[in-house]
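The values are calculated or read from the model by the stated rules, or taken from the named source; none is laboratory data. This structure is a prediction, so every number in the text was calculated from the model and none was measured. Quick reminder, even Gly has a Cβ in these numbers, built from the backbone with ideal geometry, and neighbours come from all protein chains shown. These area figures cover heavy atoms from the full protein model, side chains too; ligands, DNA and RNA do not enter into them. Shrake-Rupley method; radii C 1.70, N 1.55, O 1.52, S 1.80 Å.
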Amino acid sequence: MGVTGPPGPVMDRDEVDRALARLGAEHEAIETSLLALQDHAGRRLLEGAELTGVTKERWTAAEASITLLWAYFDAYTDALRSAREIRSRRRWSSREDLVELTELLRGECVTVAGSASATANAPTLHGGSGKLSERFSLVTLVDRMNELYATSLDMVVAADAVWSALPARIDLLAAELQRTRKLAHSVGVRPGEHPAGDDLERITRTLTRLREQAVSDPLAFWRPTQGSSAPGGGKPDTTVYDREARALEDVRREIDAVLTVRQDAEARLVKLRDVLSRADRTLAEARTARGEVLAKIAATEVPVVSGPPTVLQEQLATAAEYRRHAQWHRLSPLLETLEQKAEDELLRARESLTAVTQPLAVRAELRGRLDAYKAKVARHGLAEDPFLIERYDAARRMLWSAPCDLRVAEQAVLRYQRAAAELLGAPRVPEQGGPEDRRGETRS
């Protein structure tokens, strides 16, 4: 592109001095930034790493951008030096000097020449026109350098942030994983034998693969902050890491449960045997009571008492076998199941005993009611009353004979209550109720 004259009005001496001062300050700031980028730990890591995926693609472009940046900076430095030399020729610049300076400071007078290898992958001002040289004004060149610097720094900072965060965390988790694997092996939690052992194998494979990917392709784990234009605006994506950390924590809890089983196994087995023994004794008592009820109580339906379930005893023997062979991972779930089943069995045995002995409880209540009224009659001096003695003896024979018909015996007790209530002057005894709410009736 040819230049036919100075762009716009010719600058005066003061304008030239101000422009040179501003461009000099920008030159110093750009040089400082470029040197900092050159020494950035992330850039040095990128240069020495075997990259893959999106990181490899972006680093190829960033390397070309950095090469182009230095080419732009050298051209900028040369142009600024030339302008300073022209200005320093004389204290009071001539018009010819001012025209030349105006062209140099405002016009597109900076030519940047680069090889195809240096610029092929870097973004160019003309959108990849394929030119081997470009012309810029100093202001445009500064803007272009700022643009290339920002994109290059963003890529370097993002890669460095992932490398600083993710591999180190993965290594710490992997160390914890190794300790957990050793502990799991000591308590019999092994792959193919326990789900937690399979989980440990899967977590190991995932963490190994995750670390390899994070090292070779860190930008695959970078999540930019929406709306942020600052270089390095974003954070590492730790989704996979966090998921595996939670999975390892679940495995640790499972192993802790197995360790608890190993420590408390004998006590829990003794308690289980005791609970099942009490259930067996209760069922035996219920069977004995059922025979007694059938012999002593007439016209009563007595529920059948089942025997103890043999499956629980078999499972208890299996649990003891697991303990002897230190198969704690198998013992843990079996004990939890057995403890619940044993409590259920004891409850069932007690309910059976209660149901079977209900007729005996009714007979005992009737006997107690009869004796309570007899004592009440005696306190009032009516113990020798012939009619009451007759009614009492009739009820007592029924309650103390075998088999006892509870319905008939209850009616006999009610008749005695009514007779006693009449003599004592109490209100009439209703058909049902206990000694306190029974009422008497007139003798016929």
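On the protein heavy atoms, probe 1.4 angstrom, tell me the percent of accessible surface of the chain carried by carbon and sulfur.
52
Picking from 362, 46, 136, whose Cα lies most toward the positive end of the charge dipole for the chain (charges on Cβ: Lys, Arg +1; Asp, Glu -1)?
Of the options given, the answer is 362.
Filter the trypsin sites (Lys or Arg not before Pro) in segment 46-101 to those in DSSP coil with at most 14 other Cβ atoms within 10 Å of their Cβ, and list the result.
89, 90, 91
Any idea of the accessible area per residue across segment 236-387, 1.4 Å probe, to the nearest Å²?
Details: 8290 Å² over 152 residues.
On a per-residue basis, segment 236-387 sits at 55 Å².
Could you identify which residue out of 187, 408, 142 has the top mean-square fluctuation in a GNM of the chain using Cα springs shorter than 10 Å?
Among 187, 408, 142, the largest mean-square fluctuation in the Gaussian network model of the chain belongs to 408.
Quick one: dipole size for the chain, taken about the Cα centre, charges +1 on Lys/Arg Cβ and -1 on Asp/Glu Cβ, in debye to the nearest 20.
2240
Of 156, 206, 402, which is farthest along the charge dipole of the chain in the positive direction, counting Lys and Arg as +1 and Asp and Glu as -1 at C-beta?
Result: 402.
Quick one: how many lysine pairs in the chain have C-alpha atoms under 30 angstrom apart, if they're 8 or more apart or on different chains?
For the chain, the number of qualifying lysine pairs is 5.
Along the charge dipole of the chain, pointing to its positive end and built from +1/-1 on Cβ of Lys, Arg, Asp and Glu, which listed residue (21, 55, 419) has its Cα farthest out?
Ranked along the dipole, the leading option is 419.
Just how large is the dipole of segment 169-311 about the Cα centre, in debye to the nearest 20, putting +1 at every Lys and Arg Cβ and -1 at every Asp and Glu Cβ?
Using only the charged Cβ atoms, the result is roughly 180 debye.
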